[in-house]
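K.L.:
Have a look at this one.
Derivation of every value follows stated rules applied to the coordinates shown; laboratory data play no part. Small disclaimer: the values here were computed from a predicted structure and weren't measured.
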Amino acid sequence: MPNITDNKVRFISKNKSSLEKVKNSLMQTEIHTKEDGTKETYLQVFDFDKIVPMPKHIFRGGLITDLKNGIDYKKEYGKNNWYDWSCLHWGTKWNAMYAKITEDNENALSYHFESAWDCPRGIAYVIEDFLPKDVKVDYWICEHEQVDQETGEFKTETILPMEKSSQI
């Protein structure tokens, strides 16, 4: 199983305002607390939680056993934890990593991001339901690292079919 998968996703439309809606609806501002207690604001430009939202009741804390306090979070929350839920519904344990917009013009909006282990298939397979009707997925391509441990060869996979032409 690869450790990191590169994802390249391209949306196309004749309507720039629809592409802007997609861009704005995928963005999420997150606030992270650093170890020193200071807050850091981070803009996530391709947020899986916007496409397939994690329910509020899902436990989002650490899942290791706290022997000092006698708490086994995995046992206490069972499958109602971020890890199991993300793997089941997103197809990967973490949200998009290092996401960036690589193309933003009148007819196309493209993203590049990394995901853990595999393509977030749970997101890829429902993305078209999330989009305005006049926006199409031109492609979703994944490149898996370390597919062959001996040779280090990469495997490239098209998750969503490419149009024969990316002309709209």
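K.L.:
What list of ³J(HN,Hα) couplings, whole Hz, do you get for region 93-100 from phi and the Karplus terms 6.51, -1.76, 1.60, once you set θ to phi - 60° and write x for glycine and proline?
P.N.:
Whole-Hz 3J(HN,Hα) from phi for region 93-100: 7, 10, 5, 3, 10, 6, 5, 8.
K.L.:
In addition: Output ³J(HN,Hα) for region 36-45: one whole-Hz value per residue in order, computed from phi by the Karplus curve 6.51 cos²θ - 1.76 cosθ + 1.60 with θ = phi - 60°, and x for Gly and Pro.
P.N.:
Running phi through 6.51 cos²θ - 1.76 cosθ + 1.60 with θ = phi - 60° gives 7, x, 6, 9, 10, 8, 9, 9, 8, 8 Hz.
K.L.:
Determine the alpha carbon to alpha carbon distance for each of 56/133; 14/50; 50/93; 34/56 and list only those over 19 Å. Mind showing how you got there, number by number?
P.N.:
Numbers: 56/133 29 Å; 14/50 23 Å; 50/93 16 Å; 34/56 23 Å.
Result: 56/133; 14/50; 34/56 exceed 19 Å.
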